[in-house]
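Below is one structure, written out as C-alpha cells; comments come after it.
Here, each number is a calculation from the coordinates, and none is a lab measurement. Just so it is clear, the model here is predicted, and its values are computed rather than measured. Counting neighbours? That spans all protein chains shown, and the Cβs are built from the backbone with ideal geometry, glycine included.
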Amino acid sequence: MRRSIAARTFFDGVGILVLVVMMFPIYWMISTALKPGKEILALNPVWIPSAPTFDNFRTAMNVPYFWNDVVNSLVVVLTVVVVSIALAFLAAVSVARFGFRGRTAFIVMIIAVQMVPLNALVIPIYLLLNAVGQVDSLLGVIAYYLAFVLPFMIWTLRGFIANVPVDLEEAAMVDGASRVGAFMRIVFPLVAPGLIATGIFGFIQAWNEFIIAYVLLSSSSKQTLTIWLASFTTQHGTDWGGLMAGATLTALPVVILFLFVQRHIVGGLTAGAVKG
Amino acid sequence: MEAAIRTEARTATVETDLEPAPRRRLVPRANLLPYVLIAPALLVIAGVLGYPLGMLGWLSTQRYGLRELYQHQGEFVGLQNFVTILSDPQFHYVLEVSVVFTVINVGLSMFFATFIALLLERVSRVVRLLLTSGLVFVWATPVIPAINLWQWMFDYEFGVVNWLLTHLGAGNYIHHNWFENPIQGFTVITVIVVWGAIPFLALMLYAGLTQVPRELVDAAEIDGARPWQVFAWITVPILRPIFLVLFSLSTIWDFQVFNQVWVLLNQRPSKDYFLISVFSFQESFRVSQFGLGSAAAVVMVAILVVVTFFYVRQTIRLSTEDGR
C-alpha cells in the first residue's frame, strides 16, 4: 500500500503526539524526582530541571524503613522466584512429556485458577492466616505469591519443553546417556531461556503486588516496598519530590527486567490468539 | 498492568481444549512419575488458592464480626448476608458504579488501543520504533508508582494537569480539586486505568494487524473499497478472536479495580468511590463484617465467572468455525 508523503508525515505527526502524551507522565515522574524543592512547588511548571539533584532520592532512602522494606521485598521476591521455578519446572515436565490420567484436568485447573480475582481472596486468606498466627509474617505472603505465579509459569514452561523434540533426547540415550543425563544435557540448556523468562515474570509479579501484602503485613518493619510507597504520603504532608524519587526507585528494577522479557511475551500472546 | 503479563496463559486458554496431544510422548514405565512431578505445584495451588476460594463461599454464609474473629469461629446464617447486601441501597449504588465504570474503561481502552494499533501500521519505521518503545515503558511501570505519579500530576495546587488545562483555555483550573466531585474523581481514575491498559492492548492489536493478509486488503482497494470499509469488512472480522479475548480480559481486570481507588484516595476513599472490590474490602477490614464482605466478593466472582465462561465458550466456537 503506497502512501503519499503528505499522508505519511501526517501519521508520523499524530504518532509523535501520541508518544508524547503517553510518555509525559513517566518523564514528569523522573524529572520531578530530579528537581530541587522550589522547582517542584512552582506555580508555573518547570519543564526541565535546571540543576538536576539527587537530594530527593537521598530523602526517599532516608525515610524510615526504606532499606528495611527493600530487604523484605528482596527476601520475598527471591524466595518466590527460586521455589516457583523449581516447582513449575517439575510440573511442566510432567505435563509436556508424559501422558497421564488427569493431565487435561490439571491443565484446565491451571487456566481456571488464573481467572480468580485476587481481591476476592484477601478475606479468607487473612482469616486463615490469622487463625494460625501467621499474619504479619513474610512466610504467608511468600506462600500466597507462590500459588499466584505458579499457574502461568507452568503453562509457559510447558510450551518451552514441548518444543524440544523427544527424538533429541532419545538420540542422546542411544549414544549412551542415561535418561536423566540426556534430559540435563539436551533439554535443560534449550529450556534455560524459558526458565529465565518465567523467573523474571515471577519477580515482577511479586515485586509489584499490593493488596495481599497490604492486608497481611501490618507492622512497618515487615512491609514490602509497594506498601512503603503507598503510605509515603501519609507521613507528614506530601513531599512530592521524595515520593517521585521513591516511585522511580520502586519502578526501576521492574522496568529493566521487563525490557528483557517483553518480546517473548508479545510474541507468545499473538501466536496463541490469532491462530485461534 | 500487573495482570497484563499473565495474559499469555489466559490467552492460551483459547487453545487448551482444542490442542491436540503432542505427537510423541514418553510413556512412563512407572505410572507414578508424572504425578510425583506435579504434586508439589498442585499442593501449593490447591492449598493456597483452592482452599481459600472454598472458604470464601463458606464465609459468605457466616456472621463473622470482631467477636467471631477472636473466637476463630463464625455463626451460620444461611443466605442472610446476601439478602442484607442485595437489599442495601448502598450496594446497589456500588454495583451500578462498578458496571458503568467497567463499561466506560473497557470502551475507552479498546478505542484508544485500536486507534494506536492502526496508527502504528501507518507511521514510518522510526516513529513506529519510538512509539512501541514508549508503550513498552508505560506497560512496564508498576501500578503503585503509576498511581503516585498521576496523583502528583492531578495535585490541586501544583499539579501540571491543572496548569495545562488552564493555559490551554479549557477554563480556570487553578486550585481545582479533582476529588471533591466523584464524577471528576472517577475521571482521574479512568485516566490512570486506561493509560495503563493501552500499551498491552495496542501492542496485541498491532501484532494481530500485521497478520491480516496483504492480498485481501489490496484486492479490496482495487475493487474501490474505502479505508473504513476495508477496516469494517476485512480487518475487524479477521481480528475478531483477538478483539474478543482483549474485551473479556479488560472486563475482568476493570471490574475488580481496587488499587487505583485505594491508593489514589490515600487509603480513605469516601462512600462515593466504592467500586465492588473497594466495598468488599471496606466491609471486611474497616467495618470488620467479614461475612458481608465475603458475600460482596462472591457476587463479584459470580459476575466475573459469567464473563469468563462467555469468553472461553465464544472463543472455542469461533475457532471451531474456522474448521481447525
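Can you tell me the FRET efficiency between A:Ala131 and B:Phe285 if r is taken as the Cβ-Cβ distance and R0 is 22 Å, rounded to the nearest 0.05? The partial results should precede the final answer.
Working: r = 16 Å, r/R0 = 0.73.
Efficiency computed from Cβ-Cβ geometry: 0.85.
Non-local amide H neighbours of B:Gln62 (under 5 Å, H modeled in plane, Pro and chain starts lacking H): which ones?
B:Val77
Assign unit charges at the C-beta atoms only (+1 for Lys and Arg, -1 for Asp and Glu), then state the dipole size of the protein assembly as shown relative to its Cα centre in Debye, rounded to the nearest 20.
Here the protein assembly as shown has a charge dipole of around 1180 debye.
Take the Cα gyration tensor of segment A:4-53, multiply each eigenvalue by 5, square-root it, and list the three semi-axes largest first, rounded to whole angstrom.
Here the semi-axes work out to 32, 10, 9 Å.
Take each of the peptides A:169-180, A:89-100, average the number of other beta-carbon atoms within 10 Å over its residues, and list them starting from the highest.
Numbers: A:169-180: 13.1, A:89-100: 22.0.
With the highest mean Cβ count within 10 Å placed first, the list reads A:89-100, A:169-180.
Enumerate the calculated ³J(HN,Hα) couplings along segment B:109-120 in order (Karplus 6.51 cos²θ - 1.76 cosθ + 1.60, θ = phi - 60°), each rounded to whole Hz, writing x wherever the residue is Gly or Pro.
4, 5, 4, 5, 5, 5, 4, 5, 4, 5, 5, 4
What average number of partner chain Cβ atoms lie no more than 10 Å from the Cβ of the residues making up B:252-259?
3
Would you mind getting me the FRET efficiency between A:Val108 and A:Ala7? Use the beta-carbon distance for r and R0 = 56 Å, nearest 0.05. Could the numbers behind the result be given before it?
Working: r = 48 Å, r/R0 = 0.86.
Rounded to the nearest 0.05, the efficiency is 0.70.
Express the Stokes-Einstein translational diffusion coefficient of the protein assembly as shown in µm² s⁻¹, to the nearest whole number, given a Kirkwood radius over alpha-carbon pairs, 4 °C and a viscosity of 1.567 mPa s. Mind dumping the intermediate values first?
Details: Rh = 25.8 Å.
Here the translational diffusion coefficient equals 50 µm²/s.
Given Cα positions, please report Rg to Rh for segment B:112-179, the hydrodynamic radius being the Kirkwood one. Intermediate values should be presented prior to the final figure.
Numbers: Rg = 16.0 Å, Rh = 14.3 Å.
Looking at segment B:112-179, the ratio lands at 1.11.
In debye to the nearest 20, how big a dipole does chain A give about its Cα centre with +1 on each Lys and Arg Cβ and -1 on each Asp and Glu Cβ? List each step's numbers first, then the result.
Details: 15 positive and 11 negative charges, 135 e Å.
Using only the charged Cβ atoms, the result is roughly 640 debye.
So how compact is chain B: Cα radius of gyration and Dmax in angstrom?
In order Rg, Dmax, the Cα atoms of chain B give 23.8, 77 Å.
Starting from the 7 Å offset along Cα-to-Cβ, what nm value, one decimal, do you get for the label separation of B:Leu129 and A:Ala42?
Using points 7 Å along Cα→Cβ, the separation is 3.3 nm.
For segment A:55-275, what D do you get in µm² per second when you plug the Kirkwood radius from alpha-carbon pairs into Stokes-Einstein at 10 °C and 1.306 mPa s?
Estimated via Stokes-Einstein, D reaches 81 µm²/s.
Quick check on packing: order A:201-209, A:132-140, A:245-253 by the mean number of other C-beta atoms within 10 Å, highest mean leading.
Numbers: A:201-209: 24.4, A:132-140: 15.1, A:245-253: 22.7.
Descending packing order for the listed peptides: A:201-209, A:245-253, A:132-140.
Which order, highest average first, do A:153-165, B:273-285 follow once you tally other Cβ atoms within 10 Å for each residue and take the mean per peptide?
Details: A:153-165: 20.9, B:273-285: 24.3.
Going from most to least packed, we get B:273-285, A:153-165.
DSSP loop trypsin sites (Lys or Arg not before Pro) in segment A:7-95 with at most 14 other Cβ atoms within 10 Å of their Cβ, which ones?
Values: sites: A:Arg8, A:Lys38, A:Arg58; in loops: none.
Counting only loop positions with at most 14 other Cβ atoms within 10 Å, none of the trypsin sites (Lys or Arg not before Pro) in segment A:7-95 qualifies.
Suppose R0 equals 30 Å; then what is the FRET efficiency for B:Tyr156 and B:Lys271 from their Cβ-Cβ distance, rounded to the nearest 0.05? Walk me through the intermediate numbers first.
Working: r = 21 Å, r/R0 = 0.71.
Once rounded, the FRET efficiency stands at 0.90.
For peptide A:238-250, what's the mean number of Cβ atoms from other chains within 10 Å of each residue's Cβ?
For this peptide, the per-residue mean of nearby foreign Cβ atoms is 4.
Need one value for B:114-124: mean number of C-beta atoms belonging to other chains within 10 Å of its residues' C-beta atoms. Please list the in-between numbers first.
Numbers: counts 0, 2, 5, 0, 1, 6, 3, 2, 9, 11, 6.
The mean count of partner-chain Cβ atoms within 10 Å per residue comes to 4.
Are there DSSP H segments in chain A that both extend 24 Å or more along their axis (alpha-carbon positions) and score a mean Kyte-Doolittle hydropathy of at least 1.0? List them, or say none.
Working: long enough: A:5-33 (41 Å, 1.62); A:66-97 (45 Å, 1.92); A:138-162 (35 Å, 1.82); A:188-208 (29 Å, 1.24); A:240-275 (47 Å, 1.31).
Counting only whole DSSP H runs, the qualifying helices are A:5-33, A:66-97, A:138-162, A:188-208, A:240-275.
State the answer as a single residue: which of B:Asn259, B:Ser277, B:Val136 lies farthest towards the positive end of the charge dipole of segment B:81-321, with beta carbon charges of +1 for Lys and Arg and -1 for Asp and Glu, about the Cα centre.
B:Val136
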